[in-house]
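Below: the structure, in structure tokens.
The values are calculated or read from the model by the stated rules, or taken from the named source; none is laboratory data. On a predicted model such as this, the values are computed, not experimentally measured, just so you know. No Cβ is skipped: glycine too gets one built from the backbone with ideal geometry, and neighbour counts run over all protein chains shown. The accessibility values were calculated without ligands, DNA or RNA, using every heavy atom of the protein model including side chains. Shrake-Rupley method; radii C 1.70, N 1.55, O 1.52, S 1.80 Å.
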Amino acid sequence: MNFSFTEDMLYTILQEFFSDGAEKVMGASMTDPPKDGFGWYLYNRFPHYSPRHASVIAAIMYDLGLLDYRVKKAVYLRKK
């Protein structure tokens with residue numbers, strides 16, 4: 001997968017999707033992403049990205065120290 005995004009986009013994601021500090025489901029399914037998931041948000045807020053991009057962007061945000069995660073049947077994300 002080859003794509004790019006900006007620091008402003010990461011800031012927007014943190015301010016809009018992760019603003020309440022609650023744990024959120026990743027939801028990176030291409031065929032049926034949950035409407036409360038990060039993949040659904042990403043696709044609706046930035047339509048040139050698919051829900052599948054959520055897994056890559058979340059991994060980068062984790063590496064940058066912006067998110068934590070846990071796995072229990074699904075991947076859950078939380079703003080640090």
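For region 37-42, the Karplus equation 6.51 cos²θ - 1.76 cosθ + 1.60, evaluated at θ = phi - 60°, returns couplings of x, 5, x, 5, 4, 4 Hz by residue, with Gly and Pro reported as x.
Rolling a 1.4 angstrom probe over the protein heavy atoms with all chains in place gives the chain an accessible area of 64 Å² per residue.
With a cut-off of 15 Å between beta carbons, the residues surrounding Phe5 carry a summed charge of -2, where Lys and Arg count +1 and Asp and Glu -1. Sort the chain into rounded, prolate or oblate with this rule: let a ≥ b ≥ c be the square roots of the eigenvalues of the Cα gyration tensor; rounded if a/c is under 1.5, and if a/c is not under 1.5, prolate when a/b is larger than b/c, oblate otherwise. Rounded, because the longest to shortest axis ratio a/c is under 1.5. Taking θ as phi - 60°, what are the ³J(HN,Hα) couplings along region 43-58 by the Karplus curve (6.51, -1.76, 1.60), each to the nearest whole Hz, with x for Gly and Pro? Once θ is set to phi - 60°, the couplings for region 43-58 become 5, 7, 7, 10, x, 7, 10, 9, x, 5, 4, 4, 5, 6, 5, 5 Hz.
Length gained on full extension, Asp68 to Ser19, computed as 0.36 nm times the residue gap minus the Cα-Cα distance: 16.2 nm.
Element breakdown for the chain at a 1.4 angstrom probe: carbon and sulfur atoms account for 51% of the accessible area.
Taking the helices alone, the chain has a mean residue ellipticity at 222 nm of -10500 deg cm²/dmol, built from -39,500 (n - 2.57) per DSSP H run of at least 4 residues and averaged over all its residues.
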